[in-house]
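Trainee: Right, I'll just put the structure down here and ask away after.
The values are calculated or read from the model by the stated rules, or taken from the named source; none is laboratory data. These numbers come from a predicted model, not from an experiment. Positions of Cβ are backbone-derived with ideal geometry, glycine not excepted, and every protein chain shown enters the neighbour counts.
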Amino acid sequence: MALIDLSKREVHCKIVYYGPGRCGKTTNLLYIYNSMNSNAKGKMLTIETKGDRTLFFDLLPLNLGKIKDFDIRIQLYTVPGQAIYEATRKLVLKGVDGLVFVADSLRVRRQKNIESLKDLKKNLVDYNLDIETLPVVLQYNKRDLAGSPIPTLSLEELEEDLNSDLGVKAFQAAATKGVGVFETLKDISKKTVRYVATKHLVKPK
Amino acid sequence: MKEKNTIPEPEIFTAEIEDTIDDLFKPSKKIEIDPLTQEIKEVQAEPEGAQESPLELDLKVEEQGPPPVEVEAEAAPVEDEKQETLLELDLELELEEQQGQGADQAEPQKQPESAAGQAPKAPDEPQDIGKRLEQLNQQLFTIEWEVTETQIHQTLDLLAELLAAPEVNAQARTHSIIELMKRVLQNMQFHPETVPATAPSVLKKSTSHLTDILTGKDVQEEDTEDILLELKALIEKPEETVTEAEPLFLDQEALMEDQGDKKTEEESRLEEPGPQGPAPEKESLHGPAPVFPAEEGLRVLEAHLIELNRCVNRIEPLEKLLSKTHGMEKLYRFQHDIRRTLEDQILELSNCFFKGRELELPKPSRSEKDSQDYINSISDKTGASCPWKELLTVNIEGMEIGFPNDQLVYASAPPWLSKSAIRKGESLTLARLKAWPWSKLKGLFKGALAGMDDSVLSAMSFPVIRRLGDQELKVPSSFTVIILYDGENGAALLTGEPPLPIKIPEDAEYTPEMGGGFEGQVNTNGNIIKVATASSLNQV
């Protein structure tokens, strides 16, 4: 859940990049981190938890500065996509305010995309969250491979597989080149801030 | 001030935020990320219309064609990809394919770099002061989010680099600000409970002020004074609440740094050996802290410095060995960072307390030197050539295949219940290795899987490798299941025989990166052992 501290005039929003392993979630964050002007971004952190096993996720804090005397901060997280990291994935989703579902355009990953979206929905339900009400955008990554000899999914197929129920905005992207990365970020950030402000900053009657 | 207690109108508020998002969330430069190595390459902006380079063409197609595609769900079905633009992507496709075959491990693999807190760039690259200040600003942003020891260390390193810069040394005020910032960070590290919550913002303010000074902006002397006072206020606060016993000379270090020629009572005591025993003034601040007389304190400090220096001398040969050993890069960096931190501490303390006095730090002792020579000789002989001293080998289809001992986590005949399923399966779920459905998995494995809980182990599965190099691997009716796992990648092989250990002689030759599932090959007097690791098998 968004952290809103009226006494300190701070609003923190949490956006999670979700998707199957190797679809390009971290690449999205790396691109944002490396190409964005430094006055709004913090350092990209990779959290490595070592216990019985090694778990990872990334965090990139962004600061919008003061608006109407409020400090607005957006935290971007990625989850580990690999199946065995289910617990971490679920943990990272805790308190999420906005979601980017990054899908892999490679045809061989079709099933993984679908499974990952199912996994996301299931994990959200466990937190009493509904994907229908949360701000969500889809990003179809690796579109630069379309038209190449590598078998890729068409946009219709991706829409059919992932967006037929959701009906949310979707972006094509090639995260390694930055195509679609900032478009996705801007859109989900706006949606999330609007969602958080409407939900938590309603003026008392 | 009136606005302080009001809640903004959501509509106006969000509209304003959206404008800010539009302004801020845009790339300041064009980069490309290597999909395989995650290396960042800066791309020169080409003039409009210049499309000679296939890569550029590729970018332009994506950017200028139907704009970075926003597929509105309610919009008409999206036109299929521009088939007329055959993009020259061969190289990238190869890379993508390799990355694809590297399976799901690619993401975690690269991440430890960030975990170490390193921005993806060469660490020893010379950097200008602006870059360092930018990094410092980023570090402080991060500390504002979460104070961790690693972050503080990295920020202290950055401050040390800044202190060494001639631009900083040329001005006393920049030097003082950085010294005080260091002190605040050290307090954050050792007495976090005493550091006021405003510390991160004061540090950021100080960095901004530093940037102004160093970039030649017109900075008022009073503003610098204010910054210094704010920083000092942060430092002075913990002293009132510190309860642990601390030697007096530590306080002296603090005071020497920020007081210049103004001497405090503590300093005077240190410089002129006063009455033995605890100083009453200090007691009032620190409670019953043991107070060292100056000479005694310096003597103890000198002994500690000598010991620290000895530690550095011990680390050096190990670091050298690790630097030459394949697969030990992370450990090397770890040792390297420890050594650098120790050296910085020695230098700082020596400069602070033994300025003008020659502190004789010992050279490596004979035994240390001997061990260093020994390690050097080993690394010269074998470090660069073969990374392993021992391998576990099996003979598969006439090939001798070796596995690193530390990666082989399981080697045993399959349980009869699931033998057939394992034989045919594309992947091996560890739960299949249970002798009986109610059996425990814990205890069956060694290495990185040892000690994991059953719930975790049961959920893990690894690909079963069916081909190595050009060779299709046939599974005999009676077979051994071998599992390799390095903490990130895992793979299973079904072999006709259990693996046997073999020592690798020092003069063995090693040829890395063969492909086809092999990490490299070791030549021991004409006997070729192809080495497969968990990560190389995942590239098959």
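Trainee: Which of the helices (runs of 4 or more DSSP H) found entirely inside the stretch B:137-216 contain at least 3 residues meeting this: modelled with pLDDT of 80 or more?
Mentor: Result: B:149-164, B:172-190, B:199-214.
Trainee: Please find, among A:176, A:198, A:184, the residue that is more than 7 Å from every other protein chain (Cβ to nearest Cβ) and polar (S, T, N, Q).
Mentor: Just one listed residue meets the conditions, A:184.
Trainee: Given the structure, is residue A:167 facing chain B (nearest Cβ under 7 Å) and either crowded, with 23+ Cβ neighbours inside 10 Å or closer than 30 Å to residue B:23 by Cα (or both)?
Mentor: Taking the combined requirement at face value, the residue satisfies it.
Trainee: Here's a follow-up. Do we have residue A:5 as charged (D, E, K, R), surrounded by fewer than 22 Cβ atoms within 10 Å (Cβ to Cβ) and either over 30 Å from residue B:488 (Cα atoms) or modelled with pLDDT under 80 (or both) here?
Mentor: In short, yes.
Trainee: Regarding residue B:493, is this residue within 35 Å of the chain's Cα centre (by Cα) and surrounded by 23 or more Cβ atoms within 10 Å (Cβ to Cβ)?
Mentor: yes
Trainee: Applying the selection to the stretch B:420-438, what residues are surrounded by 15 or more Cβ atoms within 10 Å (Cβ to Cβ) and of a type outside the set (Val, Ile, Thr)?
Mentor: Result: B:423, B:425, B:428, B:430, B:431, B:432, B:433, B:434.
Trainee: Just give me the residues in the stretch B:431-476 being among the aromatic types (Phe, Trp, Tyr), in contact with a Leu (Cβ under 9 Å, 6 or more places away or on another chain) and assigned to a loop (DSSP other than H, G, I, E, B), in sequence order.
Mentor: B:436, B:445
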